[in-house]
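Structure first, then comments.
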There are 2 protein chains.
Amino acid sequence: MAATIIDVANRAGCSKSTVSRFLNGSTVIAEGTRARIAQAIDEMGFRPSEIGRSLKRRLTQTVGVLVPSLTNPVFASSVAGIQAQARSAGRSIILATSDYDPDIEKEAVANLLGHNVSGLILTLCNGVSSAALDLIESAGCPFVLLFNDAVGSNGPAISVDNEGSARELTEAVISAGHRRIAFVAAHFASSDRSRLRYCGYTTALEAAALPVLPPLEVHFEGGDTSAVIAELFTQPDPPTALLCSTDILALTAMATLRDLGLTVPNDVSVAGFDGIGLGAMLSPPLATVAQPTWDMGFEAMRLLSEQLAGRMISAPAYLPHALRLGGTLAVPKRSIATSMNNNKAGRKSDEL
Amino acid sequence: MAATIIDVANRAGCSKSTVSRFLNGSTVIAEGTRARIAQAIDEMGFRPSEIGRSLKRRLTQTVGVLVPSLTNPVFASSVAGIQAQARSAGRSIILATSDYDPDIEKEAVANLLGHNVSGLILTLCNGVSSAALDLIESAGCPFVLLFNDAVGSNGPAISVDNEGSARELTEAVISAGHRRIAFVAAHFASSDRSRLRYCGYTTALEAAALPVLPPLEVHFEGGDTSAVIAELFTQPDPPTALLCSTDILALTAMATLRDLGLTVPNDVSVAGFDGIGLGAMLSPPLATVAQPTWDMGFEAMRLLSEQLAGRMISAPAYLPHALRLGGTLAVPKRSIATSMNNNKAGRKSDEL
DNA sequence: CTGTTAGCGCATTCAT
DNA sequence: ATGAATGCGCTAACAG
């Protein structure tokens, strides 16, 4: 099959040690042998076996990456960022997905660990209590959390301030004049981000002395979202604004509202979270909290590299987010009666 | 660090061979030792090293996956399908991206090969002539092409009938009454799909004796698309319909048209290719040729597994596509010249 | 049923 | 500057 280092040595008329040294540039090699080795390698199309190499060195050039799903552009984009940085660092990535399921998550991590990955980048269902994380820590494998907040004292993590930004977003919705604001969330059990964002929502509402509605938890990529939304808006006194824990959810919600004969933002304002590219291409554009997803992946990989190199730099836990207001978020039209004490009700939507 | 098979053997009071046999279930083991081994494994949290295992077996349980980009939901979705099937087959995937660059593509494949992947699933820039493919074939590594057509006689491939479906789509556009139809394409050099789809377009136009416009080649994820489109529609006698080689391109095009004061489909019809989920959520929904991207990935992985198992089944090269008409594709109403003037001022934000 | 032995492809002492 | 020998963790003959 594939040529080995011994084949190269034979053809070049030297020992495999010399070839190994050639490959790793560990010592100086005589010009003659150097040339013969180079030629032999070229002629045989030899590529050193990563696995032989890894076995010997006790470490690989691969890192494990675990994300909930690739279907969500947020994670796909972050993996792209990871990939870009990994490539420039000469590392490969083994990719696993958890499908938002803690059990699969644990199994996937165990599998990754079995591959002797030199490190891991993970977006967990729950960064605080995770069987997968226990596995990793007992194995002593370096890791960086991505989108999850840093767990306790240790371990670097790259995220955005989910709770704070959700609070800001909710405050903006309140400023626009909304008083009855609902929150559609991916199941908390499968996404701690979802929970944090809901917390930000409640904080803002409580500060404004407005009613906090219980979260409408839905399966992230399941089909129950439409039904939940439809029920919400066919009941009396529906909300004038709908916050969604992700942009994908927001898009699903908007499609459902359209089917119900409601227009966004004329009848209902909608805002999401994530800042996926396509949201900005819509008309009107989706109001959201934009995260630098690609950069976050890139930065997570960079951080992991630093860690692997023994340089424990302090992690900038939160990357900056950006509120994208306007678009699907506008002043409520039909709730003037309940917002008479709102002195900002006259703002125009594009001022947001 | 991590426990090895020898550690387990010592603790269980047997030889490492027995442990190995336990792990692989290759022979029957006495109930007593079996229990002791199981306990030892559990206590030490032992996971067999994929590396050592692979080195010995001369084959890995990993497959290499190369796609142009993860930012395009088409490929992200196909990787998700690959991943799902890989997991159920007990395989892991090493992911690489080419960024639509044949040089990176080749380098990535070389790297994948170095990891001793048992097989490869690839979406190449060009499935017909590819340095990467040469590398693979000379290494004798099994592979399945995905989105690329089968190359020559050998090698299975999973794709859709790009040319045929593009022809069908174009025919539908013609049927709707369009006579002047332009085609925006990702650079042919970076995507053979793009070229095939353009071919389908030309075939349909020629059959209808309509003018074939030269392709407007753009960088797939670059920023030149808007400029190209803007130029096209600010010249005299602009097309009434715009076909785009991908949905992403179509979305970019529509955003540009909006900025130009044109409405879709009232002023210009637009159709894409791929059937990304978000296209269907738009209002009006994006006309397109939908491919079963997730299934295609799943099927590609299944095919590779069959191949690795020695069962060379015949590959269903083309999976069924589906035309999604209507939405952004409508009957042409009037000349662009008049509509541009009429629409510049009065367009509503939710008109898309 | 189980232990012994021999590599897989490579990097790395230790010699020379 | 280069060879010979060793072993990484594991599986697969080959005994027993």
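The values are calculated or read from the model by the stated rules, or taken from the named source; none is laboratory data. On a predicted model such as this, the values are computed, not experimentally measured, just so you know. Ideal geometry is used to build each Cβ from the backbone, glycine not excepted, and the neighbour counts take in all protein chains shown.
Given the criterion within 8 Å of chain B (Cβ to nearest Cβ), touching a residue at least 12 places away in the same chain (Cβ under 8 Å) and of a type in the set (Lys, Arg), identify the matching residue among A:Arg47, A:Arg36.
So the residue among A:Arg47, A:Arg36 that is within 8 Å of chain B (Cβ to nearest Cβ), touching a residue at least 12 places away in the same chain (Cβ under 8 Å) and of a type in the set (Lys, Arg) is A:Arg47.
Which one of B:Val109, B:Val74 is of a type in the set (Val, Ile, Thr) and in contact with a Ser or Thr (Cβ under 8 Å, 6 or more places away or on another chain)?
After ruling out the rest, the residue left standing is B:Val74.
Would you mind finding the one in A:Gly155, A:Gly140 that is surrounded by fewer than 24 Cβ atoms within 10 Å (Cβ to Cβ), of a type outside the set (Lys, Arg) and farther than 25 Å from B:Asp42 by Cβ?
Answer to the check: A:Gly155.
Might you let me know whether segment B:68-83 holds any residue that is within 16 Å of DNA strand D (Cβ to nearest atom), in contact with a strand residue (DSSP E or B) (Cβ under 9 Å, 6 or more places away or on another chain) and in the same structural domain as B:Phe298 (by TED's automatic domain parsing)?
Checking segment B:68-83: not a single residue is within 16 Å of DNA strand D (Cβ to nearest atom), in contact with a strand residue (DSSP E or B) (Cβ under 9 Å, 6 or more places away or on another chain) and in the same structural domain as B:Phe298 (by TED's automatic domain parsing).
Quick check on my filter: what residues within segment A:134-147 are under 17 Å from the mean Cα position of the chain (by Cα) and under 20 Å from B:Ala3 (Cβ atoms)?
Answer for segment A:134-147, where residues must be under 17 Å from the mean Cα position of the chain (by Cα) and under 20 Å from B:Ala3 (Cβ atoms): just A:Phe143.
Would you tally the residues in segment B:63-120 being under 24 Å from B:Ala139 (Cα atoms) and hydroxyl-bearing (Ser, Thr, Tyr)?
Going through segment B:63-120 one residue at a time, the tally reaches 5.
Looking for whichever is touching a helix residue (DSSP H, G or I) at 6+ places or on another chain (Cβ under 8 Å), surrounded by 17 or more Cβ atoms within 10 Å (Cβ to Cβ), hydrophobic (A, V, I, L, M, F, W, C) and under 19 Å from A:Glu105 (Cα atoms) here; the options are B:Ile93, B:Ile51, B:Ile37. Which one fits?
B:Ile93
Quick one: B:Ser118 ticks every box in (1) more than 18 Å from the chain's Cα centre (by Cα); (2) buried (at least 19 other Cβ atoms within 10 Å of the Cβ); (3) within 28 Å of B:Val268 (Cα to Cα) except a single one, so which number is it?
The number of the failed condition is (3).
Is it true that some residue in segment A:51-61 is within 10 Å of DNA strand D (Cβ to nearest atom), more than 30 Å from B:Leu95 (Cβ to Cβ) and without any contact (Cβ under 8 Å) to a residue 60 or more places away in the chain?
Taking every residue of segment A:51-61 in turn, none turns out to be within 10 Å of DNA strand D (Cβ to nearest atom), more than 30 Å from B:Leu95 (Cβ to Cβ) and without any contact (Cβ under 8 Å) to a residue 60 or more places away in the chain.
Looking at segment B:241-250, can you tell me whether even one residue there is assigned to a loop (DSSP other than H, G, I, E, B) and surrounded by 23 or more Cβ atoms within 10 Å (Cβ to Cβ)?
The answer is yes; a qualifying residue exists.
Across segment B:218-240, what is the number of residues that are crowded, with 21+ Cβ neighbours inside 10 Å, under 25 Å from the mean Cα position of the chain (by Cα) and not hydrophobic (A, V, I, L, M, F, W, C)?
The number of residues fulfilling the criteria is 1.
Could you list, in sequence order, the residues of segment A:257-291 that are crowded, with 24+ Cβ neighbours inside 10 Å and within 22 Å of A:Arg180 (Cα to Cα)?
Within segment A:257-291, A:Val264, A:Pro265, A:Val268, A:Ser269, A:Val270, A:Ala271, A:Gly272, A:Phe273, A:Leu286, A:Ala287, A:Thr288, A:Val289 meet the criteria.
Take the residues in segment A:32-50 that are within 8 Å of DNA strand D (Cβ to nearest atom) and not basic (Lys, Arg), then tell me which one is farthest from the chain's Cα centre (by Cα).
A:Gly32
Residues that are within 17 Å of the chain's Cα centre (by Cα) and either in contact (Cβ under 8 Å) with a residue 12 or more places away in the chain or crowded, with 22+ Cβ neighbours inside 10 Å (or both): does segment B:202-213 have at least one?
no
Which of the residues belonging to segment B:70-86 are more than 7 Å from chain A (Cβ to nearest Cβ) and modelled with pLDDT of 95 or more?
B:Val74, B:Phe75, B:Ser78, B:Gly81, B:Ile82, B:Ala84, B:Gln85, B:Ala86
Determine whether B:Ala227 is among the small types (Gly, Ala, Ser), assigned to a helix (DSSP H, G or I) and within 14 Å of chain A (Cβ to nearest Cβ).
no
Please go through segment A:87-139 and pick out each residue that is in contact with a strand residue (DSSP E or B) (Cβ under 9 Å, 6 or more places away or on another chain), within 10 Å of chain B (Cβ to nearest Cβ) and of a type in the set (Ser, Thr, Tyr).
Listed by number, the residues that qualify are A:Ser92, A:Thr97.
Just for helices (runs of 4 or more DSSP H) wholly inside segment A:87-197: which have at least 2 residues that are closer than 14 Å to A:Pro68 by Cβ and touching a residue at least 12 places away in the same chain (Cβ under 8 Å)?
A:102-114
Which count do you get for residues in segment A:60-89 that are within 16 Å of DNA strand C (Cβ to nearest atom) and among the β-branched types (Val, Ile, Thr)?
2
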